[in-house]
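A.B. asks: Pasting in a structure now, in structure tokens, and then I'll have a few things to ask.
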Amino acid sequence: MENKILEKVKVFYFMATGVLLYFFLTEYIDVGLHITYRHAFALLIALSAILMFLIKPDIPRGVVSFKGALIYSAPLLVTTLVSLFIWFVNTVDVGVISRGLSSSFVYANMLSFALCAGAFLYVFGEKGVWYNLAAILIANLIMIFMIIFKYGPGAFFSEFITLVVTFADVTGEIIVEAEIHELAFCLGAYLIFMLYSPKKSIGYFIFLFLSAFCFLAAFKRIAIVAIAIALVFGYLLKFIAKFNKKTAINLITLLCILLIGILLLYVALIKMDAFELLEKAGINTSGRVGMYRAVDKFYEFSPEFIGNGIGFLTYQLNTFMSIGVASIHNDFLQHFIDLGFFGYIIWLISMTLVRVWYFGKNNNADGAIKAFILILYLVIVSSTDNTMNYPLLTGVLAILMMSSGYDDNVKIARMKIFGK
């Protein structure tokens, strides 16, 4: 009886903290540094799991969760080490180094949110994925109900239907308030996860329906495209894995290498004014031609381009340039400018191959496939936006990748550590 009460208290605590994590999107704490509420809540969740570990340690679970969070956060290590090298070579001021590191570790620390994801898995096992989704949905639905209460259900759902039917060509003044970008991208990742591995249960269909509703209320067209492409690759690789898991994993490795080449070519095309040609062809690029032209002076597409260090471009845009935006809405060009030619390639490897190899280890083709299609989703939505700077999406992708085979990996770790 006592154990059941403690279990319910544990579920309530982590769920409530999770809702707060996903609800407070812009608020921050001023302690000399501006620390966002969501970062603080992510750290609180991670520290709560660490405290539970110290009180009653489950070493195999702790090892699997911590290693998964570290591997997922490999790009943070790359950006830090590459930037330190660039700053050393360029002999920059301490202020520049401090500013660059703070952008990676204070505002949107990838490791903090990966540890938060690992905490949910440590406490609940693979069920943690669903507790995390429930927290997202509760937070998102509260926001939507506040809008419905303000304007009325008739007005809201009328604009919602118009939004969906016109594929977001017509967006009303009411429904636009429900366009919560970060949560929409989080739910897009969950939709891939759920549709890739459908289940026959009432709980699954409730989660799927509510996720689709909240996602469509925000209606990010690039995310819809990304979901469709990711699922096509996911189903194809899943079909191949049924016959030969090794072949599927090798194919994923090849696709990752191809993806790295495409993302390198993408920067080259931007440098060669490809977006200007698109504008001349009558394709609206939403002002990206002007943005890319403004930052063109900061980089060369050449192996000799060493980079400027993480945080450089953001600082330039917010301090010295008057182009009307705080970012260029292109994570890949931004990382190329910050990390340089080879630093950019190493960063891409850490984001793709390293994750796929780790989460697909022990011939876990399902884990490799899920990691790849979620990476593909992230790459597509980040090609026209600064989605990689969304810390909540970082946490969601981490928990979805880490959850595949998590319980089995704990059993393997237990065997290695205790021999039983």
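A.B. asks: Which is hydrophobic (A, V, I, L, M, F, W, C), farther than 21 Å from I306 by Cα and assigned to a helix (DSSP H, G or I), of V63, V82? Show your work before the answer.
C.D. replies: Values: V82 fails: farther than 21 Å from I306 by Cα.
Exactly one residue qualifies, and that residue is V63.
A.B. asks: I'm checking my understanding of the structure. Among residues of the stretch 8-39 that are in contact with an Asp or Glu (Cβ under 9 Å, 6 or more places away or on another chain) and touching a residue at least 60 places away in the same chain (Cβ under 8 Å), which one is nearest to L183 (Cα to Cα)?
C.D. replies: Y22
A.B. asks: Do we have G62 as small (G, A, S), farther than 30 Å from G343 by Cβ, surrounded by 17 or more Cβ atoms within 10 Å (Cβ to Cβ) and modelled with pLDDT of 90 or more here?
C.D. replies: Criteria met by G62.
A.B. asks: Just to be sure, is G343 at pLDDT 90 or above, open to solvent by less than 20 Å² (accessible area, probe 1.4 Å) and closer than 24 Å to F105 by Cβ?
C.D. replies: yes
A.B. asks: Hey, among the residues in the stretch 352-378 that are open to solvent by 30 Å² or more (accessible area, probe 1.4 Å) and either assigned to a helix (DSSP H, G or I) or among the charged types (D, E, K, R) (or both), which one's farthest from N409 (Cα to Cα)?
C.D. replies: V354
A.B. asks: What are the pairs, 6+ residues apart or on separate chains, where a residue within the stretch 337-348 that is under 12 Å from E300 (Cβ atoms) and among the aliphatic types (A, V, I, L, M) has its Cβ under 7 Å from a residue that is open to solvent by less than 10 Å² (accessible area, probe 1.4 Å) and assigned to a helix (DSSP H, G or I)?
C.D. replies: Matching pairs, first to second residue: I337/V295; I337/L313.
A.B. asks: Continuing with this model, one more query. Tell me the residue from I257, I262 that is touching a Ser or Thr at 6+ places or on another chain (Cβ under 9 Å), open to solvent by 70 Å² or more (accessible area, probe 1.4 Å) and either at pLDDT 80 or above or closer than 22 Å to V379 by Cβ (or both), please.
C.D. replies: I257
Per-residue answers, yes or no, for (1) part of a helix (DSSP H, G or I); (2) at pLDDT 90 or above; (3) under 25 Å from the mean Cα position of the chain (by Cα):
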{"residue": "G125", "(1), (2), (3)": "yes, yes, yes"}
{"residue": "L133", "(1), (2), (3)": "yes, yes, yes"}
{"residue": "I138", "(1), (2), (3)": "yes, yes, yes"}
{"residue": "L141", "(1), (2), (3)": "yes, yes, yes"}
{"residue": "K150", "(1), (2), (3)": "yes, yes, no"}
{"residue": "A155", "(1), (2), (3)": "yes, yes, no"}
{"residue": "F160", "(1), (2), (3)": "yes, yes, no"}
{"residue": "V170", "(1), (2), (3)": "no, no, no"}
{"residue": "E177", "(1), (2), (3)": "yes, no, yes"}
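A.B. asks: Filter the stretch 213-233 for residues that are open to solvent by less than 30 Å² (accessible area, probe 1.4 Å), within 18 Å of the chain's Cα centre (by Cα) and small (G, A, S) and give the result.
C.D. replies: A218, A223, A226, A230
A.B. asks: Would you be able to say whether some residue in the stretch 390-405 is surrounded by fewer than 24 Cβ atoms within 10 Å (Cβ to Cβ), farther than 26 Å from I35 by Cβ, modelled with pLDDT under 95 and not small (G, A, S)?
C.D. replies: No, there is no match, as no residue in the stretch 390-405 is surrounded by fewer than 24 Cβ atoms within 10 Å (Cβ to Cβ), farther than 26 Å from I35 by Cβ, modelled with pLDDT under 95 and not small (G, A, S).
A.B. asks: I'd like to verify a number: residues in the stretch 234-248 that are open to solvent by 70 Å² or more (accessible area, probe 1.4 Å) and within 16 Å of P198 (Cα to Cα), how many?
C.D. replies: Total satisfying the criteria: 3.
A.B. asks: For residues that are touching a helix residue (DSSP H, G or I) at 6+ places or on another chain (Cβ under 7 Å) and surrounded by fewer than 16 Cβ atoms within 10 Å (Cβ to Cβ), tally how many sit in the stretch 142-166.
C.D. replies: Number of matching residues: 2.
The values are calculated or read from the model by the stated rules, or taken from the named source; none is laboratory data. These figures come from a predicted structure and were not determined experimentally. Quick reminder, even Gly has a Cβ in these numbers, built from the backbone with ideal geometry, and neighbours come from all protein chains shown. Heavy atoms of the whole protein, side chains included, go into the accessibility calculation; ligands, DNA and RNA do not. Shrake-Rupley method; radii C 1.70, N 1.55, O 1.52, S 1.80 Å.
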